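Right, one structure below, let's go through it.
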Amino acid sequence: MKLLSWLTIVSAFVLFDLFGYSKSFATFSPPDNYLIACGSSQNVTFQGRTFVPDLQHSSLTLKSVTSVVAVSNSSFPSPIYQSARIFSKVASYKFQIQQEGRHWIRLYFYPVPNSGQNLTSASITAVTDDFVLLNNFTFKNYKGSYLFKEYAVNVTSDSLTLSFIPSNNSVTFVNAIEVVSIPDGIFPDQAFSVNPRAPFSGLSELAFETVYRSAVTVTANPALINYPASVTPETAPNWVYATAKAMGNANVANMNFNITWVFSVNRNFSYFVRVHFCDIVSKALNNLVFNLYINDNSALDSFDLSSFTNALNVPYYRDFVSNSSLESNTLTVSVGPDMEADITNATMNGLEIIKISNEAKSLDGLSSVESLLPESLSKKSKIGIIIGSVAGAVAAFALSVFCYCCLVVRKSKTTHQGHPWLPLPLYGNSQTMTKVSTASQKSGTASFISLASSNLGRFFSFQEILDATNKFDENLLLGVGGFGRVYKGTLEDGTKVAVKRGNPRSEQGLAEFRTEIEIPALNPVLPREQVNIAEWAMTWQKKGMLDHIMDPNLVGKVNPASLKKFGETAEKCLAEHGVDRPSMGDVLWNLEYALQLEETSSALMEPEDNSTNHIPGIPLTPLEPFDNSISIIDGGHSGTDDDAEDAATSAVFSQLVNPRGR
C-alpha cells in the first residue's frame, strides 16, 4: 500500500522562504546582487536584505516610454509589495553582469490598490533576452493576493535584459526584482532521466522555474549537520538536512508501504527533481537501505545512503529529470523499503521540483521571445545579431590565422614534441611487486605497471579529470565494476569520455586496467549483432558454437572442455540480475578449473560431473590427478584457514591478470 503525504498547494513564496534561499550565506558572496524595489523612493528592508529603488542603482538602466508609480500605505502583504512600477508600453530593465553563469531572477507582483489602474486585470508578460518567464498572467482568476516567481537562467554575456510586455490595451507592472549570481555547481549540466532511463544532458542551456521546495518538521539539531566538500549551505541550509520524514514514524503493522509526495504540475513540461538525503535516523552506518520512485518509475534501487556519505549526519542529494505522471497533471515522489535489507526503513529530508523550459525556450506556454516582443524590437535585435555575427566572424578568422602562424613557429622549434593523443601499444611490459595486506599481513604477488614508461595515450592531470567529471559527480555515474566506479565525463574540447576511478580496496590493479584499455575498440560499421562483443559472443555460446568465433590461430589448440567452461563462466557473469551473477571468488575458481582442464592432457572428453565447489548452474568436469601449476610461498606466516583461502585466490588472480597470452 501507499501512505500518501499530500502537500497543500500554497504560494511559491512560502516554500521559497521555507528553504532559506532568500538569505545570504557567508560562504558565498554573489558577484551580481541586484535587489530592486520598483517604483520606491527609498530603500526597503525585506528578509534582512536591503532593496534599492530602481531609479537609484548605478548599474541598472530602465528603458520605458512611459511609466507611473503606485504606492500603498499598507504594509500588507509585506513591505516589498508597497510600491510598484506600472508600464503602458513595453519596458525593460538592463542589468550589467559582472560574472557570467546562472543567475536567480526573482519577481514580485502585487496589484497595489488605489493605484489609478485596474492592476487586478492587468496582463503580465516577462521575458529575458532568450527565455519567456511569464506569459499573459493576470490576478483576475488567481486565488492568491500576491505572486512570487523564482527562475534560474544562464547568462552568457555582460548584460541581462528583463522586459515587461503589456497586452490587450492594458498595462503591466512589477513590484520588485532580484538578479543574483548562483554559485557554480549548484545546478549541473546533466541529470538522470527516469523515463527513459538515460542521462539527460544540456541543462545549462535551459531555463528553470522553481515550483516547489519541501521539508518536514525539524527532528535533529542543525548544528550536528556536517557538510562534505560536494555539498554546501547554498545547496540547502543545514536545517533542511536536520529534518526527515521516515517510515519508522508510521504506526502501522505492515511496513511494506511507500511514503508518497504528490505535486500538481503542468504535464506539457519536464521537471528537474532534486532529492535531499541525510541519515539522522540511524544509530549506525549501513542501516538505511531503501528505494526511491518518481511517478512509479524506479529512480534508486537498494539505495544505501552510507555508501555515499561514509558517516551519519552528512548531507547528500541526487538529481533527476522527469515528466508528469502519464495522462495526469501530477508528479509523485516516493520512498519505500528494500525488503531484503536488514532494517525496514526509508527516509527523505528535502525535495525540490523545478520546471524546465521547453523547445520554444518558454516556461509558460508555447510562445517564444521573438513572437511576444514588438516587431520593431525584434528587427533591432536581428540587426544587432547580424552585425555581431559579421564582427565575430572577422575576429575569429584573424584569430585562426594568428594561431596557425604560432603553431607553425612552434612546430619548427620543437621537432620531437609528442602528440597529446598517442596510439595504444598492443602489448606492454609488466613487472610484479610484493604487496602486504594490512588486514592479515600476508604476502602475495600483484601485477604492477610503471606508468612513467608506458605509452598509454594522452596523460591527464587529476584536475583535468575533476573538471571533466564535475568532481566525480554521482549524477554522472555510469556503473560500478571490480576496478572501481565509472563516470561520464566531458573533456575541454567537448569529447565525451568514460572515466574509471580505481577503488583502493579493489583487488584489481593496473595490469587489469591496462589489459582492459588495450582491447581494441570494435568497428561501428560492423553488423549490429557484432557491435556489442558480449552479446555477439553470447549468441554463439547459446548455440554451442563458441569455437566458430575463436581466433584462427587457436582453432584446434584449445581443449573443448576448457572452452566450454570458459563460455559457461562468462555466461553466468552476464546474467541480467545481479543476484544471479557469481562472486569474484567463484569466478576465479572456475577460471582456474578451466585452466586446469586445458593443461591436463588427459582431459580430452568431458567426464561426469561430481564437483560441488563451483558456480551454481554450471556443471564441472572432474580431473585426473596432476600437479598444480601455482605455487604459494608462505613466507613463514601462520594464519587461519581464511588466510590460506585468500592466499590461494591471490595466487590464482596473479596468473589471470598477466597481460601476456599463454
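What follows is calculated from the coordinates using simple rules that are stated; it is not laboratory data. These figures come from a predicted structure and were not determined experimentally. FYI the Cβ positions are ideal-geometry reconstructions off the backbone, even for glycines, and counts take in every protein chain you see.
Computed quantities for the displayed model
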{"quantity": "Violating pairs (Cα-Cα greater than 28 angstrom) within the set Lys283/Lys488; Lys355/Lys471; Lys496/Lys572", "calculated": "Lys283/Lys488; Lys496/Lys572"}
{"quantity": "Proximal charge balance of Val275 [Cβ under 10 Å; K/R count +1, D/E count -1]", "calculated": "0"}
{"quantity": "Chain lengthening between Ala284 and Glu474 when straightened (0.36 nm per residue, less Cα-Cα)", "calculated": "66.1 nm"}
{"quantity": "Environment charge of Ala236, counting only residues whose C-beta is closer than 10 Å and scoring Lys/Arg +1, Asp/Glu -1", "calculated": "0"}
{"quantity": "Contour excess over end-to-end distance, with Cα ends at Gln56 and Met255 and 0.36 nm allotted per residue", "calculated": "65.6 nm"}
{"quantity": "Virtual spin-label span in nm between Asp296 and Val497, 7 Å along Cα→Cβ", "calculated": "4.3 nm"}
{"quantity": "Kirkwood hydrodynamic radius (C-alpha pairs) into Stokes-Einstein, segment 30-181, 4 °C and 1.567 mPa s, D in µm²/s", "calculated": "84 µm²/s"}
{"quantity": "For segment 183-197 and segment 96-127, distance of Cα centres in Å", "calculated": "29 Å"}
{"quantity": "Spatially close lysines, pair count over segment 30-181: Cα under 24 Å, gap of eight or more or interchain", "calculated": "7"}
{"quantity": "Distance (nanometres) between label positions extended 7 Å along Cα→Cβ at Val486 and Val65", "calculated": "6.1 nm"}
{"quantity": "Packing-based ranking, highest mean first, of 260-269, 360-369 given that Cβ atoms within 10 Å are counted", "calculated": "360-369, 260-269"}
{"quantity": "Fully extended contour minus Cα-Cα distance, from Thr232 to Ala395, at 0.36 nm per residue", "calculated": "54.6 nm"}
{"quantity": "Distance between modelled label sites at Thr539 and Phe46, nm, 7 Å Cα→Cβ extension", "calculated": "6.4 nm"}
